[in-house]
Every structure is written in C-alpha cells, then in structure tokens.
Amino acid sequence: MKTEQNISNFKQKALHWANQFDVCCLLDSNQYKDQYSAYEFIIAAGVHAELKTSAGTAFNQLKTFYENHKTWLLGFLSYDLKNELEDLQSANSDKLGFPDLYFFVPRFLIAFKNGIAEVLLGDDSIIDEINCYTVKKPTTLTNPKINQKLSKAQYINKVNGLKNHILRGDIYEVNFCQEFFAEHAIINPAETFETLNKLSPTPFAGYFKIYNKYILSATPERFLCKRGPTLVSQPIKGTAKRSIDFEEDEQIKKNLQNDVKEQAENVMIVDLVRHDLTKSAVKGSVKVDELFGIYTFPQVHQMISTISCKLNPEVHFVDAIKNAFPMGSMTGAPKVKAMKLIEEFEVSKRGVYSGSFGCITPNGDFDFNVVIRSILYNQENKYLSFQVGGAITFQSEAEKEYDECLLKASAILKVLGN
C-alpha cells in the first residue's frame, strides 16, 4: 500500500514508533538526490530473523543468511572485520561492545519517496499506526562531559611518528583517528539523533538501534552501492570549513578544489578504491566517473570522487563488499601496512566507527555508508563515544590536522552541548 505523507512529520513519528522495538534502523538521505538513490528514507523495525557474529567467517555467514532469506536485510559491518580478511588484530580498548557484524530481516519496513510512504514488509495498517503515534515531548537531560583519549600534544606526537613511517617508505598515507568519549552519559538516542540530523543533514545519515546499543550517524560518505550490475564507491578525502559570508565561502570552496595536498590525498585513495574494485569487476570496466568533485554540507565542504565498475557475474555481491572492505578512505595506502600502523598508533578500538551500515534488497542490490561523524552509545554501561580523524601524508602539518579533527567533531560537540 502507498499513502501520501508529509515527509518530516511522518519521518519523526516513524522513528519514535520504530524506537519502541528492540531493533530498528532508519536510513535517511535528507532529500539529497543522486542517480543511485532509491528512496528518500527507509525505516525498519522489529526482528523476523537476525545474524550476529564475530570476525572469522562473518562474510560467508552473511552470504548464507541472504541466500536463506532473499529479502530486505539491514545491518552493519564493523571495521574490525579486517581481522578476518588479513593477518591483523584489534587489541585496543573497547567500551562499546558492538558485534563485528549484525544483520536483520525486519518485521516491518517502510520506504518513502516523492511524498509517498510504501510498506515493503509487514501489514499496511502500520502506516495508520505511525500516523496516530504521539511523539513525547523532548526530555531534559544533562549534557555529558566529553573527554579526549589523546591530549593535543600526544596527538601531534603520534602524527609525527606516522610521518616518520611515510619518510621511511612504509606507507604513503594513513587515516589516523582519535576518540572523544563520555562516561555515565545519559542521553535520549532518538532525540539526540534528530538534533544531529537537523544540525548536520547529510545524504547517508542513519539511526541504528540494536538492543541497548545505538549508532547515531550524520555521515556524508557512501562506501559502496550496487545498482543492477554496477558497483559505485564515493570516497571522501579533502575537508574545508564553511563561512557564513557568501563570497568567502565560495573562495574557500575554490581553494579546496585547487588544493594540491588535498588532491594528492584524494587521488591516492581513488587508486586504492580502483584496485579494490578490480577484484570484483568485469575486466577493464573500472572507471573514475568524477575526480575531485566539491560538495557542500552545513558544516563543511568536501572533496568527493566517484569510481564505478561492472560486477563480474561470477562474483557474489557479498564478496564484492568483502573485497573493498574496510574502505580505503578510512585506512590508507598500502592498505594492510596502514591498518597495522593504525592499530599501533591509535589507542581505541574502532569497532563500528569507520565500518559501515546500510541495506541489501531482495534482488541483491545494496547501499552502504561509511560510519564517520557518528555518535556510538551503549545504554547499558552509559558509555558514549565518537571518533574523528584525517589523512596523514608527508605534507601534513600535525597542528592543522588536529584543527581539522575539531572541525569534524564540531556538529557532534554542539549536539551534546559541549
């Protein structure tokens, strides 16, 4: 059944309605349109079947799970699935406790497009149920006290240590991240997500509740999507702050477009993504559709490139995800050595951060984001965390990289009242 609805009103009611279930997920494009978008948002609630597993045979289990159900699946892939793909490990501290991989077949699934809400799974009557749902007034909570795992001096020291590895020729580029966290944090996840999504609406935003753990994401980045036989990846490398002055903002945008350092970072990751897609592609079909595209979001301008290929019919789509995971924009080049150094220099386990969440359709199409600009929250132990990072190259200045981290954290810090 399809029924006409007001998008923002229906989305708010649908999110709070879905949040009553143990598991729910909202994938929201915030009405950014691109040629690969299927819906403005989809919302899933309740569990018909689920797969929760650790690195080891996770991708094969996902393949089996899809083949057994051949319906809509929503889920996430933690960054630490890298340990299944390469001889790597994750020994840093983790207070969040998300599984390495989690997917579920929802009891209810609603998709929204062009003012129309359509029930894809479940009873048509849930549209009326959502429309009748009363969203409670926002709760007044104290703002969590945000701490940093690394001091500015420690961060700068580590960046300089990584630059030494670049100088030695171990790597060309590495994505280095730091954690901001709060203990004893009491938040209302759905309300906090709404505030974040309003302040920083992005094309791959989402809300994911899995029992007492939450992902509240304002990510602007697509990891990988499949539409028919085509695979598309859109890595982001290159960030500049916005200005409220129109002319200055346009100049900042132009400067980013022509910034040789940002272009060098971006092209290294484009090469890495091309290499990853080659493993799944029809020979000769990998191409760069757009290099150094500049896209504007409320807090920042970003440099985004688009790489595509035709999927080899002999490669299962889950293997195509596996072949490109974790995404190059969050690792570095060469990829395996960069991931080893990430483990050595970072002090927090990444977990879901810099992993991915999204959906798989009944016919094997999919769309997955990159989990950045996201709050992760364990309601049981009241631990709240978000990480920010950037690409370190030989040209990087540690002080400027630190400032870029704070820029990327700004929307979340504002939402959390810091």
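Could you list, ordered by first residue, the pairs with Cβ atoms under 7 Å in which the first is in region 75-93 and closer than 14 Å to Ala58 by Cβ and the second is part of a strand (DSSP E or B) and of a type in the set (Phe, Trp, Tyr), at least 6 apart or interchain?
From region 75-93, the pairs are Gly75/Tyr102; Gly75/Phe103; Gly75/Phe104; Gly75/Phe357; Phe76/Tyr102; Phe76/Phe208; Phe76/Phe357.
Inside region 203-236, can you point out the residues that are of a type outside the set (Gly, Ala, Ser) and more than 14 Å from the chain's Cα centre (by Cα)? If you could, list the steps in order and put the result at the bottom.
Taking region 203-236 first, the residues of a type outside the set (Gly, Ala, Ser) are 203-204, 207-216, 219-227, 229-232, 234-236.
Correct list: Lys209, Ile210, Tyr211, Asn212, Lys213, Lys226, Arg227, Pro229, Thr230, Leu231, Val232.
Need the failing condition index for Ile342 against (1) closer than 30 Å to Pro144 by Cβ; (2) part of a loop (DSSP other than H, G, I, E, B); (3) out of contact with any Asp or Glu (no Cβ under 9 Å at 6 or more places or on another chain); (4) among the β-branched types (Val, Ile, Thr), just the number.
Condition not satisfied by Ile342: (2).
State all residues of region 403-418 that are more than 21 Å from Gly351 (Cβ to Cβ) and either polar (S, T, N, Q) or not in a helix (DSSP H, G or I) (or both); if no residue qualifies, say none.
Across region 403-418, the qualifying residues are Ser410, Gly417, Asn418.
Those residues that are within 15 Å of the chain's Cα centre (by Cα) and β-branched (Val, Ile, Thr), I need them from region 362-418; list them, please.
If the condition is that a residue be within 15 Å of the chain's Cα centre (by Cα) and β-branched (Val, Ile, Thr), then Val370, Val371, Ile372, Ile375, Val388, Ile412 are the ones that fit.
Return the residue satisfying two criteria in turn: it lies in region 256-300 and is of a type in the set (Gly, Ala, Ser), at pLDDT 95 or above and more than 24 Å from Pro203 (Cβ to Cβ), and of such residues it is nearest to the chain's Cα centre (by Cα).
Ala281
Which of the strands (runs of 3 or more DSSP E) found entirely inside region 1-75 contain at least 1 residues meeting this: at pLDDT 95 or above and of a type outside the set (Asp, Glu)?
Numbers: elements: 2-4, 23-28, 41-53.
The qualifying strands (runs of 3 or more DSSP E) are 23-28, 41-53.
When the residues of region 64-77 are narrowed to those that are in contact with a Phe, Trp or Tyr (Cβ under 9 Å, 6 or more places away or on another chain) and more than 10 Å from Tyr102 (Cβ to Cβ), which ends up surrounded by the most Cβ atoms within 10 Å (Cβ to Cβ)? Before you say what the answer is, go through the steps one by one.
Step one: of region 64-77, the residues in contact with a Phe, Trp or Tyr (Cβ under 9 Å, 6 or more places away or on another chain) are 65-66, 73-77.
Cutting the leftovers down to more than 10 Å from Tyr102 (Cβ to Cβ) gives us 65-66, 73.
Numbers: Phe65: 21, Tyr66: 21, Leu73: 23.
Of everything passing the filter in region 64-77, Leu73 is surrounded by the most Cβ atoms within 10 Å (Cβ to Cβ).
Going through region 165-206 one residue at a time, which ones are of a type in the set (D, E, K, R) and crowded, with 23+ Cβ neighbours inside 10 Å? Quick ask: steps written out before the conclusion?
Quick first cut of region 165-206, residues of a type in the set (D, E, K, R) only: 168, 170, 173, 179, 183, 191, 194, 198.
Residues satisfying the conditions are Glu173, Glu179.
Quick check, is Lys310 charged (D, E, K, R) and part of a strand (DSSP E or B)?
yes
Restricting attention to region 393-402, does a residue exist that is without any contact (Cβ under 8 Å) to a residue 60 or more places away in the chain, over 30 Å from Cys25 (Cα atoms) and part of a helix (DSSP H, G or I)?
Restricting attention to region 393-402, the residues satisfying the condition of being without any contact (Cβ under 8 Å) to a residue 60 or more places away in the chain are 397, 400.
From what is left, the residues that are over 30 Å from Cys25 (Cα atoms) are 397, 400.
Those still in the list that are part of a helix (DSSP H, G or I) too: 400.
Yes, that holds for at least one residue.
The values are calculated or read from the model by the stated rules, or taken from the named source; none is laboratory data. Since we're looking at a predicted model, the values are computed, not measured. Cβ coordinates were reconstructed from backbone atoms using ideal geometry, including for glycine residues, and neighbour counts include every protein chain displayed.
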